[in-house]
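Data block below; observations after.
The values are calculated or read from the model by the stated rules, or taken from the named source; none is laboratory data. Everything numeric here is computed off the predicted structure, so don't read it as measured data. Positions of Cβ are generated from backbone atoms using ideal geometry, with glycine treated the same way; all protein chains shown enter the neighbour counts.
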């Protein structure tokens, strides 16, 4: 790196300034990363003649130490001084859950002063999507257990209040995470959007929380909302699909994430350019074979 030779008001070059700089001049908060790993799995089939219903799942780890010992949290940990945020996210995910080589994107940075009882900690969250059938989840490091939880986030109340120069919109969400044999995890999350003229700010608050560590309940709620937005205009959903799939299976994934039913004809028209037809068919017992498709990785170039 080339250093600047221009001197500052104290007559220092950049090299001299850096040599004299005291890194303890300002308080240094700790930095962590938290990973939200989503997958879509089949529920147990009640009738072999029907297609299994799908559900959105999130990977959680059970904390083996204080704070929040015994509670469930997102996989994550502290960033080392010699690694980037992305490198820390990849390392921590591997160390705590044995998962690696999956799609991951930076989501949001959380910096409320009291979000961690240990010290001032700022956390950057990452969202990852994976086909869970490709991974063997093993709890390691400071996690006593790691499991996939079925996750749902439902809007149950909405109130808009007009102000002198805009409005305040409050939305209340019920967040639930369930896993057979485990206590159900839950939280009530408030999302507040304040608009004043051209200025707009949005924040999240945890109104109630049951067995979800730290402020991870609102991180989960934010991630689900972000996932629902991105699935509308990107190919992010295909990270949840196996190499070959039916159009019905693909539609089920969209429906479970968006939490709404989609018209078959409209959905297939919308996604037609994103898939490539193969000459293979399903071999499921109990119903007619269906044509299999694969993701068309060139769909964006074809539409330019």
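Numbers at a glance
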item: Residue identified as assigned by TED's automatic domain parsing to the domain that holds residue 55, out of contact with any helix residue (DSSP H, G or I) (no Cβ under 8 Å at 6 or more places or on another chain), within 18 Å of residue 103 (Cβ to Cβ) and crowded, with 17+ Cβ neighbours inside 10 Å among 217, 223; result: 223
item: Residue check, residue 116 farther than 14 Å from residue 37 by Cβ and either at pLDDT below 95 or buried (at least 16 other Cβ atoms within 10 Å of the Cβ) (or both); result: yes
item: Hey, residue 25 more than 17 Å from the chain's Cα centre (by Cα) and modelled with pLDDT of 90 or more or not; result: yes
item: Number of the exception - residue 80 against (1) farther than 30 Å from residue 236 by Cβ; (2) surrounded by 10 or more Cβ atoms within 10 Å (Cβ to Cβ); (3) without any contact (Cβ under 8 Å) to a residue 60 or more places away in the chain; result: (1)
item: Of all residues making up region 143-175, the number that are surrounded by 15 or more Cβ atoms within 10 Å (Cβ to Cβ) and not in a strand (DSSP E or B); result: 0
item: Selection from region 98-111 of residues that are surrounded by 15 or more Cβ atoms within 10 Å (Cβ to Cβ), more than 13 Å from the chain's Cα centre (by Cα) and modelled with pLDDT of 90 or more; result: 110
item: Every pair of residues 6+ apart whose Cβ atoms lie under 6 Å, when the first sits in region 186-205 and is not assigned by TED's automatic domain parsing to the domain that holds residue 155 and modelled with pLDDT of 95 or more while the second is surrounded by 11 or more Cβ atoms within 10 Å (Cβ to Cβ) and not in a strand (DSSP E or B); result: none
item: Which numbered condition residue 303 fails, given (1) out of contact with any helix residue (DSSP H, G or I) (no Cβ under 8 Å at 6 or more places or on another chain); (2) modelled with pLDDT under 90; result: (1)
item: Subset of region 13-31 [outside any helix (DSSP H, G or I) and in contact (Cβ under 8 Å) with a residue 12 or more places away in the chain]; result: 27, 29, 30, 31
